[in-house]
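Data block below; observations after.
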Amino acid sequence: MVDAITSRNGRIMTGSLEENRAVLLQDENFRSERAKARAARKLEKAFAMADGLGENGVKDGEITEAEIEAYNKEMKKKSWRTGLLIAAGIAVAGIAAYAITKGIKAKHAEKRWLGEAEQYIPDCSIANSQIPSHHDIDGMNNEIRRVVKLKKGDVGITTMCGAYNAVCVDNEFARLAPLEKDCIGYRAVNRGITEWRDEPYRVINNAKVGDIIVPDTGCSYAAHNIDLAERFMGKEGMMYTIRIPKGARVSRNMEHGGEILMPRGAEYKLISKQLISDGTMEVTLEYILPKSIIPEDVPQIKKVAEQYVNSTDKFNRNYAQKIIEEIEKLKKIRV
């Protein structure tokens with residue numbers, strides 16, 4: 001007798017169906033007649049499958065050892081295929097569930113920013129909501145943007161001044177009170193003859209939706225409401241709708257109809273961009289909260305400054321020392 005994977009007790013024997021059924025019915029461990037009848041049906045099905053699986057492939061009503069052996073192999077293959085199909089089904093179901101969950105989360109994330117405009121205006125009465133140099137940044141921005149050149153090895157009066165101003169402003173932003181809620185700012189960007197004026201256009205045009213971008217290596221102003229921002233919109237300009245999550249450290253006040261100042265080199269996720277028929281472009285950005293109050297390029301700025309603390313050039317030596325002192329102050333801030 002050779003074991004086969006069938007029936008109630010997992011066995012069929014060589015011989016006829018009647019002989020197999022007689023052995024099965026002698027089993028006294030069935031809980032009920034219904035269970036015994038179910039086991040008999042399974043045996044009959046297994047017998048019908050095994051009969052003819054032998055070498056000659058002829059169904060003759062008798063099970064041989066070769067047929068049982070062939071049947072066992074077939075059952076193992078079937079078991080493997082069934083397991084594979086189940087696994088595939090689970091995987092497909094998992095992917096579908098993930099896609100549905102992701103879609104639901106995306107809808108909730110989008111809904112977060114679709115409320116009434118008034119609810120996204122920050123409370124500017126909170127202490128430490130504005131940096132001391134909020135109004136001076138516009139005149140400092142060109143120098144701050146030159147930090148990019150300093151990091152590339154271009155060390156001189158303008159780049160050292162820019163680096164010093166940059167870390168001073170970093171210190172001020174680090175001491176701000178975080179936003180108490182999600183806010184939205186609007187910024188009109190116009191094309192100009194200077195390189196930094198055209199940089200946002202280059203960045204936006206080359207970016208795909210979903211990309212992380214830095215449109216401006218300096219600090220950027222934005223308005224609380226779009227009507228104010230539109231006053232500064234020129235021909236072929238861009239209008240940013242900037243989503244600023246709760247917890248962001250941005251400078252804000254209610255002057256000029258309400259104003260927001262973003263940190264230097266702010267990173268954004270490009271949510272959408274659309275060219276309008278009048279030649280302007282509407283862009284939606286979402287500010288990415290930094291991992292630290294210390295900007296990522298500060299260690300690099302410090303490294304450059306350290307190379308000039310003993311310089312024979314008095315200007316570079318003095319500014320290198322001032323930069324390092326500001327960075328040390330920044331490191332001591334606890335939030």
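Structure values in brief
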| read-out | value |
| --- | --- |
| Those chymotrypsin sites (Phe, Trp or Tyr not before Pro) in the range 284-322 that DSSP places in a loop and that have at most 15 other beta carbons within 10 Å | none |
| Order of His224, His134, His256 under a 10 Å beta carbon neighbour criterion, fewest first | His256, His134, His224 |
| Note, ³J(HN,Hα) from phi for the range 271-278, Karplus 6.51, -1.76, 1.60, rounded to Hz, x at Gly and Pro | 7, 6, 8, 8, 7, 8, 4, 7 |
| Pair-distance profile P(r), taking every C-alpha pair of the range 119-329, with 10 angstrom steps and integer % | 8, 33, 35, 19, 5, 0 |
| Table column - 3J(HN,Hα) (Hz), the range 220-235, Karplus curve with 6.51, -1.76, 1.60, x for Gly and Pro | 10, 8, 9, 9, 6, 10, 6, 4, 5, 5, 5, 5, 9, 7, x, 5 |
| At most 13 other Cβ within 10 Å, DSSP loop - trypsin sites (Lys or Arg not before Pro), the range 107-171 | Arg112, Lys152 |
| Amide proton proximity set for Met254, modelled H, under 5 Å, gap of 5+ | Glu259 |
| Dipole moment magnitude, nearest 20 debye, the range 172-275 about Cα centre, only Lys, Arg, Asp, Glu C-beta charged | 200 debye |
| Lys/Arg +1, Asp/Glu -1 at C-beta; the range 241-335 dipole; positive extreme among Ser277, Gln307, Thr241 | Gln307 |
| The range 119-329 - charge dipole about Cα centre, Lys and Arg +1 at Cβ, Asp and Glu -1, debye rounded to 20 | 460 debye |
| Label-point gap, in nm, between Glu19 and Lys77 - each point 7 angstrom along Cα→Cβ | 2.7 nm |
| Dimensions (Å) - the range 254-317, Cα atoms, principal axes, largest first | 57, 28, 27 |
| Between the range 282-335 and the range 150-173, the Cα center-to-center distance that results, in Å | 7 Å |
| GluC sites (Glu not before Pro) within the range 114-163: DSSP coil, no more than 10 neighbouring Cβ in 10 Å | Glu116 |
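Only the coordinates and a few stated rules stand behind these numbers; no lab work does. Worth saying up front: this structure is predicted, and the values here are computed from it rather than measured. All Cβ positions, even for glycine, are placed from backbone atoms using ideal geometry, and neighbour counts span all protein chains on display.
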